[in-house]
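Here the structure is laid out as structure tokens; the discussion comes afterwards.
The values are calculated or read from the model by the stated rules, or taken from the named source; none is laboratory data. Note that the structure is a prediction, hence the values are computed from the model and not measured. Neighbour counts run over all protein chains shown; Cβ positions are idealised from the backbone, glycine included. The accessibility values were calculated without ligands, DNA or RNA, using every heavy atom of the protein model including side chains. Shrake-Rupley method; radii C 1.70, N 1.55, O 1.52, S 1.80 Å.
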Amino acid sequence: MAAESAQTLERGLRLLRLLADGKGGRTPTELSGELSLSRPVVYRLLTTLLAEGFVRRDAEGRVHLGFGVLALAQAVQPLLRAAATPTLRRLAEDVGATAHLTVAEGDEGLAVAVVEPSWTDMHVAYREGSRHPLTKGAAGRAILALRDGGHDHRDYFVTEGQLQEGARGVAAPVTGLPWLEASVGVVTFGPLEESTGPRVVAAAAELAAELTAGLG
């Protein structure tokens, strides 16, 4: 019974992750095909998830994420912010640029944690809660690389002026966490040293290790 319950939970989580990929709703038949599960199994999963508010069906019968997921996401954000702040603070002080953790919400990136350097004369004021399309800015492009399944082999991404005129950004994906689509990055108006990219990559790896350890 325990093994069967764990399998049901795993299938339910896979279904939720599929609906969170930003590609829109699916019919139960489409979910069955993409998850390689029978339609009766998918219908049983949907019945439970609908009752709990984690999915919803539109007038055409397509299944979307429900508002119950928002409550979970809002509860997780303070935990992510607390876990990421020490790493971001070290990165901001080391590089001399505003450091941030950005997570994906559908087709948008959400800045859940931001740390500004203490010693610079001028730095970018980047507000926690800021949103932007994943297609713009280094942070979003790093997250899209995660969704691409590693086909883009770059360790980090560099953009300039895509979100704010004159601002330069560097970001690296937070890898190894299937439950989280996120990136760590820095943004500045000034020049960036060549070592900035590897430092951002190291910070992203450090955060991934801390979050993995926190699950243990």
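Among the residues of segment 121-150, those identified as of a type outside the set (A, V, I, L, M, F, W, C) and either in contact with a helix residue (DSSP H, G or I) (Cβ under 8 Å, 6 or more places away or on another chain) or touching a residue at least 60 places away in the same chain (Cβ under 8 Å) (or both) are His123, Tyr126, Glu128, His132, Pro133, Thr135, Arg147.
Only a single item in (1) surrounded by 13 or more Cβ atoms within 10 Å (Cβ to Cβ); (2) of a type in the set (Ser, Thr, Tyr); (3) under 18 Å from Arg81 (Cβ atoms) is not met by Thr196, and it is number (3). Here Arg81 fulfils each of the conditions (1) of a type in the set (D, E, K, R); (2) assigned to a helix (DSSP H, G or I); (3) open to solvent by 80 Å² or more (accessible area, probe 1.4 Å); (4) modelled with pLDDT under 95 apart from (3). Residues in segment 10-37 that are exposed (fewer than 11 other Cβ atoms within 10 Å of the Cβ) and outside any loop (DSSP other than H, G, I, E, B): Glu10 alone.
Using the structure shown, decide if His132 is more than 21 Å from Ser195 (Cα to Cα) and either out of contact with any strand residue (DSSP E or B) (no Cβ under 9 Å at 6 or more places or on another chain) or of a type outside the set (D, E, K, R) (or both). Considered against the rule, which asks whether it is more than 21 Å from Ser195 (Cα to Cα) and either out of contact with any strand residue (DSSP E or B) (no Cβ under 9 Å at 6 or more places or on another chain) or of a type outside the set (D, E, K, R) (or both), His132 comes out as yes. In segment 38-49, the condition of being surrounded by fewer than 18 Cβ atoms within 10 Å (Cβ to Cβ) and closer than 20 Å to Ala138 by Cα is met by no residue.
Go through (1) more than 23 Å from Asp21 (Cβ to Cβ); (2) acidic (Asp, Glu); (3) open to solvent by less than 60 Å² (accessible area, probe 1.4 Å) and name the single condition Asp58 misses. In the conditions (1) more than 23 Å from Asp21 (Cβ to Cβ); (2) acidic (Asp, Glu); (3) open to solvent by less than 60 Å² (accessible area, probe 1.4 Å), Asp58 misses (1) alone. The requirement of being at positive phi and in contact (Cβ under 8 Å) with a residue 24 or more places away in the chain is fulfilled nowhere in segment 67-85; no residue meets it.
Let's see how each residue does on (1) of a type outside the set (S, T, N, Q); (2) buried (at least 16 other Cβ atoms within 10 Å of the Cβ):
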residue: Ala142; (1), (2): yes, yes
residue: Leu146; (1), (2): yes, yes
residue: His151; (1), (2): yes, no
residue: Ala182; (1), (2): yes, yes
residue: Thr188; (1), (2): no, yes
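Annotation: of all residues in segment 157-182 being assigned to a strand (DSSP E or B) and not hydrophobic (A, V, I, L, M, F, W, C), the one that is farthest from Ala204 (Cα to Cα) is Glu160. Pairs meeting the criteria (first residue in segment 156-170 and over 18 Å from Val184 (Cβ atoms) and at pLDDT below 95, second residue of a type outside the set (Gly, Ala, Ser) and assigned to a loop (DSSP other than H, G, I, E, B), beta carbons under 8 Å, at least 6 apart or on different chains) are Gln164/Val124; Gly166/Phe189.
Once segment 199-211 is narrowed to residues that are of a type outside the set (A, V, I, L, M) and at pLDDT 95 or above, the residue that is least open to solvent (accessible area, probe 1.4 Å) is Glu206.
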